[in-house]
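Trainee: Below is a structure I'd like to ask you about.
The values are calculated or read from the model by the stated rules, or taken from the named source; none is laboratory data. All values reported here derive from a predicted model rather than from experimental measurement. FYI the Cβ positions are ideal-geometry reconstructions off the backbone, even for glycines, and counts take in every protein chain you see. Ligands, DNA and RNA are excluded from the accessible area calculation, which covers all protein heavy atoms including side chains. Shrake-Rupley method; radii C 1.70, N 1.55, O 1.52, S 1.80 Å.
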Amino acid sequence: MRGPGNGVSQVITFDKGNYTVSLDVVKRSGYEKTAAPLQVTLDGASVLALESSRINEKWASHTSPVIPVTAGPHTLAVTLGDGDGMDLIDNVE
């Protein structure tokens, strides 16, 4: 993903419970000097924020704190913050 505000989202139907969101993130090798900050939200509320300093040219896993979720459909989104960096994401769970 590249460009402020760009991202991906998915509507997921949850059972009531406590969840975490995990994902692997890397800055595209040699593409930019810095990565772009990354925001993970559930129904528009932040559940995980990664500053660009936490994203480098080696894959790293990041996990949100525990999130209480009600049963039903919810929108999970991963969105880039300001900057020109290019981030790659994988294994969103």
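Trainee: Filter the range 58-76 for residues that are among the aliphatic types (A, V, I, L, M) and in contact (Cβ under 8 Å) with a residue 40 or more places away in the chain; which is nearest to A35 (Cα to Cα)? Steps first, please.
Mentor: Taking the range 58-76 first, the residues among the aliphatic types (A, V, I, L, M) are 60, 66-67, 69, 71, 76.
From what is left, the residues that are in contact (Cβ under 8 Å) with a residue 40 or more places away in the chain are 66-67, 69, 71, 76.
Details: V66: 26, I67: 26, V69: 30, A71: 35, L76: 21 Å.
Once the filter is applied, the top-ranked residue is L76.
Trainee: Does A49 fit the bill of being without any contact (Cβ under 8 Å) to a residue 60 or more places away in the chain, open to solvent by less than 20 Å² (accessible area, probe 1.4 Å) and within 15 Å of A60 (Cα to Cα)? Break it down stepwise before answering.
Mentor: Working: without any contact (Cβ under 8 Å) to a residue 60 or more places away in the chain: yes; open to solvent by less than 20 Å² (accessible area, probe 1.4 Å): no; within 15 Å of A60 (Cα to Cα): yes.
No: the conditions fail for A49.
Trainee: Do the conditions hold for V47, that is, is it among the hydrophobic types (A, V, I, L, M, F, W, C) and under 17 Å from A71 (Cα atoms)? Don't jump to the end; show me each part of the working.
Mentor: Numbers: among the hydrophobic types (A, V, I, L, M, F, W, C): yes; under 17 Å from A71 (Cα atoms): no.
Considered against the rule, which asks whether it is among the hydrophobic types (A, V, I, L, M, F, W, C) and under 17 Å from A71 (Cα atoms), V47 comes out as no.
Trainee: Read through the list (1) touching a strand residue (DSSP E or B) at 6+ places or on another chain (Cβ under 6 Å); (2) of a type in the set (G, A, S); (3) over 12 Å from V92 (Cβ atoms); (4) open to solvent by less than 20 Å² (accessible area, probe 1.4 Å), then give the number of the only condition that G3 fails.
Mentor: (1)
Trainee: Here is a further query. Filter the range 26-56 for residues that are of a type in the set (S, T, N, Q) and in a helix (DSSP H, G or I); which is farthest from the chain's Cα centre (by Cα)? Spell out the reasoning first.
Mentor: So the first thing to find is which residues in the range 26-56 are of a type in the set (S, T, N, Q), and the list is 29, 34, 39, 41, 46, 52-53, 56.
After this cut, where a residue has to be in a helix (DSSP H, G or I) as well, the list is 52-53.
Values: S52: 12, S53: 15 Å.
Result: S53.
Trainee: Would you check which residues across the range 33-46 are crowded, with 19+ Cβ neighbours inside 10 Å and either more than 18 Å from V11 (Cβ to Cβ) or in contact (Cβ under 8 Å) with a residue 40 or more places away in the chain (or both) and list them?
Mentor: Residues satisfying the conditions are A35, A36, P37, L38.
Trainee: In this structure, is N91 over 14 Å from V21 (Cα atoms), at pLDDT below 95 and open to solvent by 20 Å² or more (accessible area, probe 1.4 Å)?
Mentor: Numbers: over 14 Å from V21 (Cα atoms): no; at pLDDT below 95: yes; open to solvent by 20 Å² or more (accessible area, probe 1.4 Å): yes.
No.
Trainee: Follow-up. Say we look at the range 74-86 and pick out the residues that are out of contact with any helix residue (DSSP H, G or I) (no Cβ under 9 Å at 6 or more places or on another chain) and at pLDDT below 85; which of these is surrounded by the fewest Cβ atoms within 10 Å (Cβ to Cβ)?
Mentor: Taking the range 74-86 first, the residues out of contact with any helix residue (DSSP H, G or I) (no Cβ under 9 Å at 6 or more places or on another chain) are 74-80, 82, 84, 86.
Okay, now just the ones that are also at pLDDT below 85, so 82, 84, 86.
Values: D82: 11, D84: 14, M86: 18.
For the range 74-86, the residue satisfying everything is D82.
Trainee: Go through (1) surrounded by 17 or more Cβ atoms within 10 Å (Cβ to Cβ); (2) modelled with pLDDT of 95 or more one by one and return the number of the condition A71 breaks.
Mentor: Here A71 meets the rest and fails (1).
Trainee: Same structure, new question: Out of all the residues in the range 46-66, which are among the small types (G, A, S) and closer than 17 Å to N6 by Cα?
Mentor: First, pick out the residues of the range 46-66 that are among the small types (G, A, S): 46, 49, 52-53, 60-61, 64.
Across the range 46-66, the qualifying residues are S46, A49, S52.
Trainee: Here's a follow-up. Among the residues of the range 11-25, are any free of Cβ contacts under 8 Å to residues at least 24 places away in the same chain and outside any strand (DSSP E or B)? Working first, answer last.
Mentor: Initial filter on the range 11-25 (free of Cβ contacts under 8 Å to residues at least 24 places away in the same chain): none.
No, because not a single residue in the range 11-25 is free of Cβ contacts under 8 Å to residues at least 24 places away in the same chain and outside any strand (DSSP E or B).
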